[in-house]
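A.B. asks: Pasting a structure below so you can have a look.
The values are calculated or read from the model by the stated rules, or taken from the named source; none is laboratory data. Fair warning: this is a prediction, and the values are worked out from it, not measured in the lab. Glycine gets a Cβ as well: all are built from the backbone with ideal geometry, and neighbour counts include every protein chain shown.
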Amino acid sequence: MKSIKTLEELAKEAKEYKALGKKIGLCHGSYDVLHAGHIEHFTEAKKICDILYVTITADKYILKHGKPVLSSERRAKHLLHLSCVEGVAIVNDYSAVPAIEAVKPDFYIKGKEYENLNQDATKKIYKEKDTVEKNGGALYFTSDKIVFSSTKIQAEQGVGPYIPLDLNISLEEVRDALAKMRTLKVAVLGELITDRWTSVEQTGVSSKALCPAVHTTLSVNQVGGSGAVARHIANFVKEIRLFSNRSSEKIPKNIAFEPIDDGKFIITRYWVPSESKRLFEKKDITIKEMKKSYIKKIERYKPDILIIADFGNGLISYPLAKEIIDYLSGKLSIGIMVQANSSNFGFNRLDKYSNADLYVFDEREANLLLGHISTNVDDLLMKCSEKLQFRKNKKKIYITRGRHGASLLFGSKSKHKILNVPNLVRSTIDTIGCGDAFYSLACLCHAANISPKLSLKLANMAGAVCTQWLCNENSITPQHLLDVAKVVE
């Protein structure tokens, strides 16, 4: 009877088969959930080899979205029932490289969608190709006459995080947009935040004061603020430079970091993981205002777009914001996100910046700008556009509306349009950072000259993906967008 094997056991078995002159094939993926397209793929793969092994990605290494529908063990057991599959192993890695190194297959077999290596948004296929060829094997692509999407099947069955809506979007246009983004050079300016999540367990209520008594179980730091925006963007572009204050955390190597202040911004959130409940948070801020000389330094960098993520905690004052726009307007494309939060509520408004190319804000920030509350999205967009000035009479204003989706106003004063997209998320883990992800993709689409309609959809998809993890523990990748596109195409 077939059983789940370790990579070592699979390697030993493959070596014995090779000694008998057998050709070994290897397929690798998550296969969550197994469907007819996978079975067609395995059946064709078996035709070019004598022995077919399948390895799967372990749960914690799946980056698509949130928690897999089926555990590693269940996915592996399903594969064992296929007569064309000789053996199955679980790989504790993001790629198939450890499996290829162990099994040393004659053929590493992928689906037709990987035939153009550039279309693999994760770029793992390049390492896998090098590894199989280094070990004397070859990369082979099946024809995949039957094509299904596990992500879409999950959505249609009501078990995935996304709602299967028809947004009239194709994988091809998403891939084309991603290809354009890969040529960009981007600058990000704003406060870098260290998000410190301190897990606690409640032991009761203090006997001397009406406050919860807790003990700490774990503390984890994440790169947030402008750092989160930069992390998202770095996965899509050719080059990125972050102009910000210093961080308690290491900046990823794919981001060129330009420290413009020695101050730090740390938000410590105390929460109870078992109940997904936050008790309270505290902020430690030592940031000082950026020196004006950095404005010219940003200009000399010559980015395709300057993305300003202003969290209103001292790095950019109102007068400095005006100087940035006055000096760089017309020289660079400029995107603006001005966050209203507990540290600056009512004092960090959108009119801090005018004459930019693009703005992203939520309904609360729009109402703060206008000085009154309105729930009519068209009214909000029109009145905000009147408040803000735009270069060459052009405007591009996005408003995010949580469970109500998002909207975009674009065009000139005399001729403009408003587009709307619905909420894509069925279940949410956390919403912190979703606006940052939305803003990041909106700016990249603007810099890459993507159509307004597709720009709104891609930005909305990025925000949806971000709801599937806690705060800034992950960053958006091109593969995330392709996965959601399969659900809403």
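A.B. asks: Hey, can you tell me all the residues within the range 461-477 that are touching a Phe, Trp or Tyr at 6+ places or on another chain (Cβ under 7 Å) and either buried (at least 24 other Cβ atoms within 10 Å of the Cβ) or closer than 17 Å to Arg403 by Cβ (or both)?
C.D. replies: Selection gives Ala462, Gly463, Ala464.
A.B. asks: Something else: Which condition number in (1) out of contact with any Ser or Thr (no Cβ under 8 Å at 6 or more places or on another chain); (2) more than 17 Å from His480 (Cβ to Cβ) is the one that His446 fails?
C.D. replies: The number of the failed condition is (1).
A.B. asks: Name the residues in the range 280-295 that are part of a helix (DSSP H, G or I) and polar (S, T, N, Q), would you?
C.D. replies: Ser293
A.B. asks: Can you tell which of Ile308, Ile298, Ile316 is assigned to a strand (DSSP E or B), assigned by TED's automatic domain parsing to the domain that holds Leu441 and within 28 Å of the chain's Cα centre (by Cα)?
C.D. replies: Only one candidate passes the filter, namely Ile308.
A.B. asks: Here is a follow-up. Evaluate the following for Ser451: is it in contact with a Leu (Cβ under 8 Å, 6 or more places away or on another chain), under 22 Å from Asn168 (Cβ atoms) and hydroxyl-bearing (Ser, Thr, Tyr)?
C.D. replies: Taking the combined requirement at face value, the residue does not satisfy it.
A.B. asks: Can you confirm whether the range 451-474 contains a residue that is free of Cβ contacts under 8 Å to residues at least 24 places away in the same chain, farther than 30 Å from Val220 by Cα and either aromatic (Phe, Trp, Tyr) or part of a loop (DSSP other than H, G, I, E, B) (or both)?
C.D. replies: Checked the range 451-474: at least one residue is free of Cβ contacts under 8 Å to residues at least 24 places away in the same chain, farther than 30 Å from Val220 by Cα and either aromatic (Phe, Trp, Tyr) or part of a loop (DSSP other than H, G, I, E, B) (or both).
A.B. asks: Checking the conditions here, which among Ala19, Ala36 is hydrophobic (A, V, I, L, M, F, W, C), surrounded by fewer than 18 Cβ atoms within 10 Å (Cβ to Cβ), modelled with pLDDT of 90 or more and in the same structural domain as Lys124 (by TED's automatic domain parsing)?
C.D. replies: Checking each option against the conditions leaves just Ala19.
A.B. asks: A follow-up question, please. Quick check on my filter: what residues within the range 185-224 are of a type outside the set (Val, Ile, Thr), closer than 23 Å to Cys471 by Cα and surrounded by fewer than 20 Cβ atoms within 10 Å (Cβ to Cβ)?
C.D. replies: Within the range 185-224, Ser199, Glu201, Gln202, His215, Leu218, Ser219, Asn221 meet the criteria.
A.B. asks: If you don't mind, there's one more thing I want to ask. If I filter the range 419-441 down to residues being more than 14 Å from the chain's Cα centre (by Cα) and polar (S, T, N, Q), which single residue comes out as farthest from Leu184 (Cα to Cα)?
C.D. replies: Ser427
A.B. asks: Any residue in the range 379-390 that is at negative phi, buried (at least 20 other Cβ atoms within 10 Å of the Cβ) and in a loop (DSSP other than H, G, I, E, B)?
C.D. replies: There is no residue in the range 379-390 that is at negative phi, buried (at least 20 other Cβ atoms within 10 Å of the Cβ) and in a loop (DSSP other than H, G, I, E, B).
A.B. asks: Also, I was wondering about something else. Give the residues of the range 327-364 that are in contact with a Lys or Arg (Cβ under 7 Å, 6 or more places away or on another chain), modelled with pLDDT under 90 and within 17 Å of Glu191 (Cβ to Cβ), sorted by residue number.
C.D. replies: Across the range 327-364, the qualifying residues are Ala340, Ser343.
A.B. asks: Could you name every one of the strands (runs of 3 or more DSSP E) located completely within the range 15-103 that has at least 3 residues being farther than 30 Å from Ile429 by Cβ?
C.D. replies: 24-29, 51-57
A.B. asks: Check Ala442 against each of (1) farther than 29 Å from Val33 by Cα; (2) surrounded by fewer than 21 Cβ atoms within 10 Å (Cβ to Cβ); (3) not hydroxyl-bearing (Ser, Thr, Tyr) and name the one condition it does not meet.
C.D. replies: (2)
A.B. asks: Taking the residues in the range 166-181 that are part of a loop (DSSP other than H, G, I, E, B) and surrounded by 15 or more Cβ atoms within 10 Å (Cβ to Cβ) as candidates, determine which candidate is modelled with the lowest pLDDT.
C.D. replies: Per the criteria, the residue is Leu167.
A.B. asks: Something else now. Filter the range 438-450 down to residues that are outside any loop (DSSP other than H, G, I, E, B) and either farther than 16 Å from Leu424 by Cβ or outside the structural domain of Val484 (by TED's automatic domain parsing) (or both), then give me how many there are.
C.D. replies: Number of matching residues: 7.
A.B. asks: So, in the range 188-216, of the ones that are among the charged types (D, E, K, R) and assigned to a strand (DSSP E or B), which residue ends up farthest from Ile305 (Cα to Cα)?
C.D. replies: Among them, the one singled out is Glu201.
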